[in-house]
């Protein structure tokens, strides 16, 4: 796994991203999901929510989903907001980076903190850029 300072850079994240895009009716080569397409998948009982419910680890799925919510301005249900914030914590993520440099680990902590802050502040219709 290469060292990176991007929130969603990595093979595992790319696999999750492709899955989420397909569920929302998009192919990886197409533009990102629209706000409307994503909001439809955030409804109770949707295919995407069923996928998240059955994830054993699930935190990467929540990071990817949170990034798309910020990018599209989709409405973020309260319970999902809390789950994304919880899973975007360094304590959840650090095991993946145990062989990384100290500098990288500090950058990753800052990226996760920035992401959590943006998820906390997110409002429907608000499009927010994330680091990478």
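The values are calculated or read from the model by the stated rules, or taken from the named source; none is laboratory data. No experiment lies behind these values; they were computed from the predicted model shown. Using ideal geometry, Cβ is built from the backbone for each residue, glycine included, and neighbour counts are taken over all protein chains shown.
Is it fair to say residue 94 is surrounded by 13 or more Cβ atoms within 10 Å (Cβ to Cβ) and either touching a strand residue (DSSP E or B) at 6+ places or on another chain (Cβ under 8 Å) or part of a helix (DSSP H, G or I) (or both)? Yes, satisfied.
Listed by first and then second residue, the pairs with beta-carbon distance under 7 Å, at least 6 apart or on different chains, first residue in the range 112-129 and touching a residue at least 40 places away in the same chain (Cβ under 8 Å) and on the phi > 0 side of the Ramachandran plot, second assigned to a loop (DSSP other than H, G, I, E, B) and surrounded by fewer than 16 Cβ atoms within 10 Å (Cβ to Cβ), form an empty list. If you check residue 112 against the conditions, is it modelled with pLDDT of 90 or more and not in a helix (DSSP H, G or I)? The answer is no for residue 112.
So that you can scan it fast, the table gives a plain yes or no per residue for (1) touching a residue at least 40 places away in the same chain (Cβ under 8 Å); (2) more than 28 Å from residue 124 (Cβ to Cβ); (3) surrounded by fewer than 13 Cβ atoms within 10 Å (Cβ to Cβ); (4) in contact with a strand residue (DSSP E or B) (Cβ under 6 Å, 6 or more places away or on another chain):
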position	(1), (2), (3), (4)
40	no, no, no, no
44	no, no, yes, no
60	yes, no, no, no
63	yes, no, no, no
69	yes, no, no, no
99	no, yes, yes, no
103	no, yes, yes, no
107	yes, yes, no, no
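With respect to the conditions (1) over 11 Å from the mean Cα position of the chain (by Cα); (2) assigned to a helix (DSSP H, G or I); (3) surrounded by 15 or more Cβ atoms within 10 Å (Cβ to Cβ), residue 79 lacks only one, and its number is (3).
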